[in-house]
Amino acid sequence: MEFDDQMRRYFGTEDLAAATPAALEAGIEHMLVDFGLEKDRARRFGMWSLLYMLGAAPDLDVAFKDADDRDAARNFMDMIDRATPGD
């Protein structure tokens with residue numbers, strides 16, 4: 001699933017700035033449900049990544065059974081943290 005597809009599916013827009021707080025909350029809830037049901041590792045990782053950027057990702061030990069997936073998620077988190085301007 002492409003990023004734009006996820007944005008439209010869960011938030012009704014490709015621009016998160018245009019989404020209302022209620023749409024964001026509902027989209028995150030929908031995404032968390034779908035994440036829990038998803039079996040495809042790549043799709044799960046993509047969903048988790050977006051949830052992480054939205055501050056709603058499940059903990060790694062809950063989200064990923066496979067150690068390689070947890071390591072990839074940690075690498076993603078580090079990459080995002082380095083790319084984010086200081087708080």
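The values are calculated or read from the model by the stated rules, or taken from the named source; none is laboratory data. Since the structure is predicted, the reported quantities are computational estimates derived from the model, not experimental observations. Heads up, the Cβs are rebuilt from the backbone with ideal geometry, glycines too, and the neighbour counts pull from every protein chain shown. Calculation scope for accessible area: heavy atoms of the full protein, side chains included, ligands and nucleic acids excluded. Shrake-Rupley method; radii C 1.70, N 1.55, O 1.52, S 1.80 Å.
Odds and ends about this structure:
- Those helices (runs of 4 or more DSSP H) lying entirely in segment 1-65 with at least 1 residues acidic (Asp, Glu) and surrounded by 14 or more Cβ atoms within 10 Å (Cβ to Cβ): 21-37
- Residue match in segment 70-85 (condition: open to solvent by 70 Å² or more (accessible area, probe 1.4 Å) and small (Gly, Ala, Ser)): yes
- Filter pass, Asp4 being in contact with an Asp or Glu (Cβ under 7 Å, 6 or more places away or on another chain) and either in contact (Cβ under 8 Å) with a residue 40 or more places away in the chain or closer than 24 Å to Asp81 by Cα (or both): yes
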